[in-house]
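Colleague: Take this structure, written in C-alpha cells, and hold onto it; I'll ask about it next.
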Amino acid sequence: MNLPEPAWLASWAAAPPDTGAALERFDSLASVAPDHMAGLWRGRSLPTGHPLDGLLEALGWYGKAIQPDGRAHPLLFRTPSGAIASLDPAWMPTALALRWPSAARSALVRSAFRTLGPALRAQGPAAGLDLREFRGRRGLALVYDRQPIVDHLGRIDPDRVMGVMTRTGMARPFLFLLTREVSFSGHSPLGPSPAHRREPTDSGPSA
C-alpha cells in the first residue's frame, strides 16, 4: 500500500503552484537511484498552468513502465477495450499540442487518437534512464530515443516520483507525478511491448 501523500502534494490540485514554485519543490526532493525506478508507474499531471496540463489524461494516458535494465516504455495509454498499450513517442505530435492545446483536447482529436492508436504502438522500449544535469545538479532522467524530450526525476517517497519534462523548443517544463503500481525485479513481465495487457487490479501487471 502506498504511503499517504505529503500535505504539499495532496493540496497541489486545489492550489496549483506556478512553474517557479513547482521547480523549487522539485529541487528539494532526493535523487532517484536507477534500480528504484524498475516497475509500472501510474501517471498524472501536476498542473502549473502549462499547455499540457491534463492533456495526456484526456487522451487516456496511463503512465510509464521502466524495465530492470533501465529501458522504458515512456507513454502507456489505455485502449478502448481497457488494455494498456505502449505508444511510440516518435509519432506523437507534441509540437502541435503545445501550439494548439485546446484543439488537442477536442472530442474530434480524442476520437482520432483512439482510432489511430493501433498504428502508434511501440515495437519495444522507446526511452532509457541516464544521468543528466538539471538545475545545477546531476540526477536521474528518462531520455527519449526519438523525441527531444528528457524527464528529470525526483524521489518523493518510496512509491512516488516527481517528473519534470523538458523538450527542445518548449518554453517551460511540464510537471507530472508517477505512483508505483508494480515493482519489477529480474526480467520485466511486460516483455518487449506491454500492448493488450490489463491493469494490475484486473488481471496482473500491464502498462
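Each value in this text was obtained by applying a stated rule to the coordinates, not by laboratory testing. Please read all numbers here as calculations on a predicted model, not as lab measurements. Cβ coordinates were reconstructed from backbone atoms using ideal geometry, including for glycine residues, and neighbour counts include every protein chain displayed.
Colleague: Between LEU131 and SER81, what is the label-to-label distance in nm when each label sits 7 Å out along the Cα-to-Cβ direction?
Modeller: Using points 7 Å along Cα→Cβ, the separation is 4.3 nm.
Colleague: Another question, if that's okay. Say each of ASP157 and LEU108 gets a label point 7 Å from the Cα, pointing the same way as Cα to Cβ; how far apart are those two points in nm?
Modeller: With each label point 7 Å from Cα toward Cβ, the separation is 4.4 nm.
Colleague: Take peptides 4-17, 69-82 and line them up by average Cβ neighbours within 10 Å, highest first, as a rough protection proxy.
Modeller: Final packing ranking: 69-82, 4-17.
Colleague: Counting Lys +1, Arg +1, Asp -1, Glu -1, what net charge surrounds LEU140 among other residues with beta carbon under 10 Å of its beta carbon?
Modeller: Net charge in that neighbourhood comes out at +1.
Colleague: Still on this model: Near the amide H of ILE156, under 5 Å away, which other amide H atoms are found, from residues 5 or more places off or on another chain, if H is placed in the peptide plane?
Modeller: VAL161, MET162
Colleague: What length, rounded to one decimal in nm, is gained on full extension from THR168 through to SER185, with 0.36 nm per residue of separation minus their alpha-carbon distance?
Modeller: 2.8 nm
Colleague: For ARG44 and ARG146 in one chain, what is 0.36 nm times their gap in residues minus the Cα-Cα distance, to one decimal in nm?
Modeller: Gain on stretching ARG44 to ARG146: 34.5 nm.
Colleague: Please give me the summed charge of the neighbours of ALA126: other residues whose Cβ is under 13 Å from its Cβ, Lys and Arg +1, Asp and Glu -1.
Modeller: Counting the neighbours of ALA126, the net charge comes to +1.
Colleague: Would you work out if region 1-85 is rounded, prolate or oblate? Take a ≥ b ≥ c from the square roots of the eigenvalues of the alpha-carbon gyration tensor; rounded if a/c is under 1.5, else prolate when a/b is larger than b/c, oblate otherwise.
Modeller: oblate
Colleague: Sticking with this one: Report the FRET efficiency, 1/(1 + (r/R0)^6), for ALA15 and ALA90, where r is their Cβ-Cβ distance and R0 is 22 Å, rounded to 0.05.
Modeller: With R0 = 22 Å, the Cβ-Cβ based efficiency is 0.05.
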